[in-house]
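The values are calculated or read from the model by the stated rules, or taken from the named source; none is laboratory data. Since the model is a prediction, treat every value here as computed from it, not as a measurement. Because the Cβ atoms are built from the backbone with ideal geometry, glycine has one as well, and the counts that use them run over all protein chains shown.
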């Protein structure tokens, strides 16, 4: 069987010598634990040990076979209050459920209650939202310029009530079997479609696929932001283009 008390120290010793890919790590561990499924060995290490991915020269640092190492610093016990404050600094106003969804932790209501004298509480229907006192809270009529969000962007994932970002009728259009959250474009503060970049014959094209018909002028307003993103993401392309599919 799988004995974590023996497996994890063995994995730590291997990783302390040098960074390794999981293919390499599974092979080494299989020699020490021949009666355990090698995939189970790798999964246990990935989920039970704190690891850091070693930077590489691959584009956007997404190597096909990443190398992992032990953290170079000792990890501290999480500070629940600081975690809440950091979340609000990035994504507030937020509810208890929002913070719990983003962090994966439960039982944070007492933490937020303990911070009430340092926070602002506002009502949004039946929900109570918390925010930092000095944080900007623009009104509903404030202009929201178009923005392109990356895959798995925390702006989408940081809320339990995601109708603040994407309408219920559009959620099926981003659902996938592998739970991938696609890159999305915001129009007037809400997800209006998905986007992707393709390079063909040296031309990098950013294409938006709208969830519904875009308002008049939306595509033209998105174009400068799209071209700026392409200049950053595809600097080696001979030319950049923008289209709405």
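Please pick out the residue among 105, 115 that is touching a strand residue (DSSP E or B) at 6+ places or on another chain (Cβ under 8 Å) and closer than 30 Å to residue 162 by Cα.
115
Looking at region 171-182, can you tell me whether even one residue there is crowded, with 19+ Cβ neighbours inside 10 Å and more than 30 Å from residue 120 (Cα to Cα)?
Going through region 171-182, the residues crowded, with 19+ Cβ neighbours inside 10 Å turn out to be 182.
Those left that are additionally more than 30 Å from residue 120 (Cα to Cα): 182.
The answer is yes; a qualifying residue exists.
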Meets criteria (modelled with pLDDT of 90 or more, in a helix (DSSP H, G or I) and more than 15 Å from the chain's Cα centre (by Cα)) for residue 85: yes
Could you count how many residues in region 219-242 are within 17 Å of residue 191 (Cα to Cα) and assigned to a strand (DSSP E or B)? 0
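Suppose we filter region 170-191 for residues that are assigned to a helix (DSSP H, G or I) and without any contact (Cβ under 8 Å) to a residue 24 or more places away in the chain; how many remain? Please lay out each step first, then the result.
Step one: of region 170-191, the residues assigned to a helix (DSSP H, G or I) are 170-174.
After this cut, where a residue has to be without any contact (Cβ under 8 Å) to a residue 24 or more places away in the chain as well, the list is 171-172, 174.
Residues in region 170-191 being assigned to a helix (DSSP H, G or I) and without any contact (Cβ under 8 Å) to a residue 24 or more places away in the chain: 3 in total.
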Test residue 121 against the stated conditions and say whether it is in a loop (DSSP other than H, G, I, E, B) and either in contact with a strand residue (DSSP E or B) (Cβ under 8 Å, 6 or more places away or on another chain) or at pLDDT below 90 (or both). no
Condition met for residue 194 (touching a strand residue (DSSP E or B) at 6+ places or on another chain (Cβ under 7 Å) and either without any contact (Cβ under 8 Å) to a residue 24 or more places away in the chain or part of a loop (DSSP other than H, G, I, E, B) (or both)): yes
